[in-house]
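For reference, the structure discussed in these notes is given below.
The values are calculated or read from the model by the stated rules, or taken from the named source; none is laboratory data. In this text, all values refer to a predicted model and were calculated from it rather than measured experimentally. Note that each Cβ is placed from the backbone with ideal geometry, even for glycine, and that neighbours are counted across all protein chains shown.
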Amino acid sequence: MTLGRPRVHLRETTSTNERARELAAAGAPHGTLVTTGLQTAGRGRQGRTWTAPAGRALLMSLVLRAFDGLTPLRAGLAVADLAGPDARVKWPNDVLVGGRKVAGILVEARPQEGWAVLGIGVNVALSAAELPVETAGTLGRAPRELEATLAELLAGLEERLTQPADDVFAALRERDALLDRPVAWAGGEGVAAGIDDAGALLVRRAGGDVIALDAGEVHLR
Ligand code: BTN
């Protein structure tokens, strides 16, 4: 297993992605892991913040030296595997259980410098009262299970990050939270029509034409 070594664990930090980016820029090897019990400035996608109470969530970032454009999708699948058979992936990589988001993934890549940081936050053991927003969910595990959950996720990532692209797309299609549902994005709206062979989200618009979204975020209407 190459993911998770070396590991830096911080009792508290601003953002594990920040720490991992510094380590990557300083030459840290593939698989270097940063974890923390509490983030004071956790970062989400699209400039949002990510919050979780101390000691209840998996807050981790990996330095990757081998990665591709599918890394965010691969990571979403690994987290969905962790979350169980009922977990769904809302393209590109929000993991939902019972329609509630239990994990967020933020990949920050510097291909020209040869690294990417894969940041993952999983609500492992939050109580209902601790959920940061109404749409958030939790795996419902105990706080003492955090380390075992980390080990399980690293093993899953080990597999998903190196899997042939076709297998990734097949697994994503089985877990597609958006299929046949009305969606909207910054540039328009339509009905989600699956995942194509490049990992893009297909959307059928009102006139019947199907377009492929290869980046960004969509919302359920
Ligand atoms: C999202 O907006 O859904 C992505 C959230 C990513 C949060 C994780 S928590 C660990 C890592 N460190 C960060 O600052 N962000 C990611």
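Couple of notes before you dig in:
- Positions within segment 23-44 being within 13 Å of the ligand (Cβ to nearest atom) and farther than 21 Å from Leu157 by Cβ, in sequence order: Leu38, Thr40, Ala41
- Put simply, of Glu134, Glu189 the only residue that is outside any helix (DSSP H, G or I) and in contact with a Lys or Arg (Cβ under 7 Å, 6 or more places away or on another chain) is Glu189.
- Conditions (1) free of Cβ contacts under 8 Å to residues at least 60 places away in the same chain; (2) within 15 Å of the chain's Cα centre (by Cα); (3) more than 12 Å from the ligand (Cβ to nearest atom): number failed by Ala54: (2)
- Residue within segment 1-21 that is free of Cβ contacts under 8 Å to residues at least 12 places away in the same chain and either assigned by TED's automatic domain parsing to the domain that holds Gln163 or not in a helix (DSSP H, G or I) (or both) present: no
- Condition check for Gly37 on (1) within 16 Å of Ala75 (Cβ to Cβ); (2) in contact with a Gly (Cβ under 6 Å, 6 or more places away or on another chain): one failure, at (1).
- The listed residues are Glu158, Glu134, Glu147, and the only one of them that is out of contact with any Cys (no Cβ under 9 Å at 6 or more places or on another chain), within 14 Å of Leu33 (Cα to Cα) and without any contact (Cβ under 8 Å) to a residue 40 or more places away in the chain turns out to be Glu147.
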